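The values are calculated or read from the model by the stated rules, or taken from the named source; none is laboratory data. Just so we're clear, the structure is a prediction, and the values are computed from it rather than from any experiment. Note that each Cβ is placed from the backbone with ideal geometry, even for glycine, and that neighbours are counted across all protein chains shown. With ligands, DNA and RNA removed, areas are computed over all heavy atoms of the protein, side chains included. Shrake-Rupley method; radii C 1.70, N 1.55, O 1.52, S 1.80 Å.
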Amino acid sequence: MIKLQRPPEPQKLIDNKAAWQASLDAAILRHGSYTQIPKDERGKLISHYKDKEITEPLFGSSQGKCAYCECNVTESSYLEVEHYKPKSIYPEKAFDWENLLPSCGHCNKAKGTHDTGIAPIINPYVTNPDDAFLYKRIQIKPKEGAYFEAAERTKDVCRLNSPRLIDARAKIMPKLELSSMALEDAIKKYNATASDTEKQNIKRNIQEALSTADLTQEDSAVYAGFCRNFFKNDDIYNKAKELVSA
Ligand SMILES: [Zn+2]
């Protein structure tokens, strides 16, 4: 999970949410509760948030990745609009821009109707996940501190250590290790030579190897949170950064 920036509320939502909400509220009154609205009718009443003018900026804000697990659309087959506070419990938040998150089908399904109003989970648009999570080997773990409990809950509710995600992180590991090894090699060569020209050449190689490592940490990169954690704790990577900035 990485920190996400919520874009401005789409005009379509601003212009229509009151009317959409009024129709939904009327149906709730008619049928007694949100869950008692017949499925077809409910689908029609709430599907407005799936409008392209709403999903485009929302999905764009996470660069097409799931806000929770950071998988991309192709891996999970589709991206869905997730309601942080479930619409079945908080129907008044069905069209609330701040309540919408891009999620993969797996996380959306796992989260289900978990009541975040009572037991909050980490919302990456609000809380910086760097303050809440760390990774131990390929497992995501809650970080000691203010967000410990919420992070632990998020891990469980969204199944952030499911076999699917453990497997995905494991598959990325060789790339990260190879990046680190390439840097280590270059640093050794840098330290071994006395020639200034040679040092400058090797420094350029280190810069290139660092760029490769940094690609895995970009906002658009899958599992960027995991890769950032890897390099943050990698002595070689940090040494290389120091070396090129000197
Ligand atoms: Zn997900």
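Could we say that residue 67 is in a loop (DSSP other than H, G, I, E, B) and either acidic (Asp, Glu) or within 16 Å of the ligand (Cβ to nearest atom) (or both) here? Show your work before the answer.
Working: in a loop (DSSP other than H, G, I, E, B): yes; either acidic (Asp, Glu) or within 16 Å of the ligand (Cβ to nearest atom) (or both): yes.
Yes, satisfied.
Working only within the stretch 92-130, note down all residues that are more than 25 Å from residue 8 (Cβ to Cβ), away from the ligand (no atom under 15 Å from the Cβ) and not small (Gly, Ala, Ser).
113, 115, 118, listed by residue number.
If a residue must be at negative phi and open to solvent by 40 Å² or more (accessible area, probe 1.4 Å), how many such residues does the stretch 118-137 contain? Explain how you work it out, then say what you get.
First, the residues of the stretch 118-137 that are at negative phi: 118-136.
When the remaining residues are screened for being open to solvent by 40 Å² or more (accessible area, probe 1.4 Å), the result is 118, 120, 126, 128, 130-131, 134, 136.
Counting residues in the stretch 118-137 that are at negative phi and open to solvent by 40 Å² or more (accessible area, probe 1.4 Å) gives 8.
Looking at the stretch 37-55, is at least one residue within 16 Å of the ligand (Cβ to nearest atom) and among the aliphatic types (A, V, I, L, M)?
There is no residue in the stretch 37-55 that is within 16 Å of the ligand (Cβ to nearest atom) and among the aliphatic types (A, V, I, L, M).
Listed residues 59, 133, 148; which is within 16 Å of the ligand (Cβ to nearest atom) and over 30 Å from residue 20 (Cβ atoms)?
Values: 59 fails: over 30 Å from residue 20 (Cβ atoms); 148 fails: within 16 Å of the ligand (Cβ to nearest atom).
Exactly one residue qualifies, and that residue is 133.
Looking at the stretch 90-97, can you tell me whether even one residue there is of a type in the set (Lys, Arg) and touching an Asp or Glu at 6+ places or on another chain (Cβ under 8 Å)?
Initially, the stretch 90-97 is screened for residues of a type in the set (Lys, Arg), giving 93.
Adding the requirement that they be touching an Asp or Glu at 6+ places or on another chain (Cβ under 8 Å) leaves none.
No: zero hits.
Are any residues in the stretch 38-62 in contact (Cβ under 8 Å) with a residue 12 or more places away in the chain and assigned to a loop (DSSP other than H, G, I, E, B), and if so, which ones?
51, 62
Out of all the residues in the stretch 208-230, which are open to solvent by 20 Å² or more (accessible area, probe 1.4 Å) and touching a residue at least 40 places away in the same chain (Cβ under 8 Å)?
219, 220, 222, 228, 229, 230
Testing residue 92 on (1) touching a residue at least 12 places away in the same chain (Cβ under 8 Å); (2) out of contact with any Cys (no Cβ under 9 Å at 6 or more places or on another chain); (3) in a loop (DSSP other than H, G, I, E, B), one condition comes back false. Which one is that?
Of everything listed in (1) touching a residue at least 12 places away in the same chain (Cβ under 8 Å); (2) out of contact with any Cys (no Cβ under 9 Å at 6 or more places or on another chain); (3) in a loop (DSSP other than H, G, I, E, B), residue 92 misses just condition (3).
If you check every pair at least six apart or on different chains, which have Cβ atoms under 9 Å apart with a residue in the stretch 151-166 that is free of Cβ contacts under 8 Å to residues at least 60 places away in the same chain and farther than 13 Å from residue 106 by Cα first and a residue that is open to solvent by 50 Å² or more (accessible area, probe 1.4 Å) and in a helix (DSSP H, G or I) second?
Cβ pairs passing all conditions: 151/131.
Filter the stretch 125-165 down to the residues that are closer than 17 Å to residue 3 by Cβ and part of a loop (DSSP other than H, G, I, E, B) and list them by number.
Within the stretch 125-165, 125, 126, 127, 128, 132, 143, 145, 146, 147, 158, 160 qualify.
Report yes if some residue within the stretch 17-33 is in a loop (DSSP other than H, G, I, E, B) and either touching a residue at least 60 places away in the same chain (Cβ under 8 Å) or touching a Lys or Arg at 6+ places or on another chain (Cβ under 7 Å) (or both); otherwise report no. Steps first, please.
Taking the stretch 17-33 as the starting set, the residues that turn out to be in a loop (DSSP other than H, G, I, E, B) are 32-33.
Filter again for either touching a residue at least 60 places away in the same chain (Cβ under 8 Å) or touching a Lys or Arg at 6+ places or on another chain (Cβ under 7 Å) (or both), leaving none.
Checked against the condition, which is being in a loop (DSSP other than H, G, I, E, B) and either touching a residue at least 60 places away in the same chain (Cβ under 8 Å) or touching a Lys or Arg at 6+ places or on another chain (Cβ under 7 Å) (or both), the stretch 17-33 yields no hits at all.
Does any residue in the stretch 100-117 that is over 17 Å from residue 4 (Cα atoms) come within less than 9 Å, Cβ to Cβ, of a residue that is assigned to a helix (DSSP H, G or I) and among the polar types (S, T, N, Q) six or more places away or on a different chain, and which pairs are these?
Final answer for the pair search is 105/76; 106/76.
State all residues of the stretch 13-45 that are open to solvent by less than 60 Å² (accessible area, probe 1.4 Å) and charged (D, E, K, R); if no residue qualifies, say none.
Answer for the stretch 13-45, where residues must be open to solvent by less than 60 Å² (accessible area, probe 1.4 Å) and charged (D, E, K, R): 41, 42.
Regarding the stretch 171-191, can at least one residue be identified that is touching a residue at least 60 places away in the same chain (Cβ under 8 Å) and surrounded by 12 or more Cβ atoms within 10 Å (Cβ to Cβ)? If you could, list the steps in order and put the result at the bottom.
Restricting attention to the stretch 171-191, the residues satisfying the condition of being touching a residue at least 60 places away in the same chain (Cβ under 8 Å) are none.
No, the stretch 171-191 contains no residue that is touching a residue at least 60 places away in the same chain (Cβ under 8 Å) and surrounded by 12 or more Cβ atoms within 10 Å (Cβ to Cβ).
Per-residue answers, yes or no, for (1) within 18 Å of residue 57 (Cβ to Cβ); (2) touching a Phe, Trp or Tyr at 6+ places or on another chain (Cβ under 7 Å); (3) surrounded by fewer than 20 Cβ atoms within 10 Å (Cβ to Cβ):
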| position | (1), (2), (3) |
| --- | --- |
| 78 | yes, no, yes |
| 96 | yes, no, yes |
| 101 | yes, yes, no |
| 109 | no, no, yes |
| 115 | no, no, yes |
